[in-house]
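Asks: So that we are looking at the same thing, I have put the structure below in structure tokens.
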Amino acid sequence: MDRREGFEPFAAGAASHLRRTAYLLTGDPHVAEDLVQDALVALYVAWPRVADPYAYARRSVVNGSRSRWRYRRRRPETSVAVVHDDADPGADARTAPPDATDAVLARRVLLDALATLPARQRAVVVLRHLEDLSEPQTAQALGISVGTVKSQNARALARLREALAPDGDPDVARLPEGQRS
């Protein structure tokens, strides 16, 4: 059987889910795309030997994200100001799409809070809560013990609650006014 016969359908079906995981780990869609491409290349090379291709690809994405964190810690990047295009002043407000500002802001707040976590804690949170893996599956994906998953998860959730709590109130997330209950 040709290697591509099994790989191409798998890659087509799994790429978007892997990209989501990579994006949640990195916070950067371009880096996420690179991580997924690297993971799929590695999977293609190992395809005949791999029993669980999705687990292999996910592990490659997580390991690539870890490597990126280590690299960035040694060589910090210098940010450049973001340039925003001004909206067309002559645009008709009736044809504008509905305003999704609050949802975008809430998502940005969550992504910024995730970005404050150390790499291992962030990986545990993403795999446990956003990928919906069990503790043993998360431990296997990261190559750590179940106890480490539990402790890293508890620490990460505490840090996220702290980061998202306005004025020291851990019961209220720092969301736009319209989204608080």
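The values are calculated or read from the model by the stated rules, or taken from the named source; none is laboratory data. Keep in mind that this is a model prediction, so the values were computed, not measured. Heads up, the Cβs are rebuilt from the backbone with ideal geometry, glycines too, and the neighbour counts pull from every protein chain shown. To get the accessible areas, we keep the full protein, side chains included, count just its heavy atoms, and leave off ligands, DNA and RNA. Shrake-Rupley method; radii C 1.70, N 1.55, O 1.52, S 1.80 Å.
Asks: Consider Asn153 against the criteria (1) open to solvent by 30 Å² or more (accessible area, probe 1.4 Å); (2) at pLDDT 75 or above; (3) not aliphatic (A, V, I, L, M): it satisfies all of them except one. Which criterion is unmet?
Replies: Status for Asn153: all satisfied but (1).
Asks: Which residue pairs have Cβ atoms closer than 6 Å, lie 6 or more positions apart in sequence or on different chains, and pair a first residue in region 17-41 that is farther than 14 Å from Arg108 by Cα and at pLDDT below 95 with a second residue that is part of a helix (DSSP H, G or I) and of a type in the set (Phe, Trp, Tyr)?
Replies: Ala32/Tyr23
Asks: Pick out the one residue from Asp102, Asp85 that is modelled with pLDDT under 90, surrounded by fewer than 11 Cβ atoms within 10 Å (Cβ to Cβ), charged (D, E, K, R) and more than 18 Å from Ala14 (Cβ to Cβ).
Replies: Working: Asp102 fails: surrounded by fewer than 11 Cβ atoms within 10 Å (Cβ to Cβ).
From the options Asp102, Asp85, the qualifying one is Asp85.
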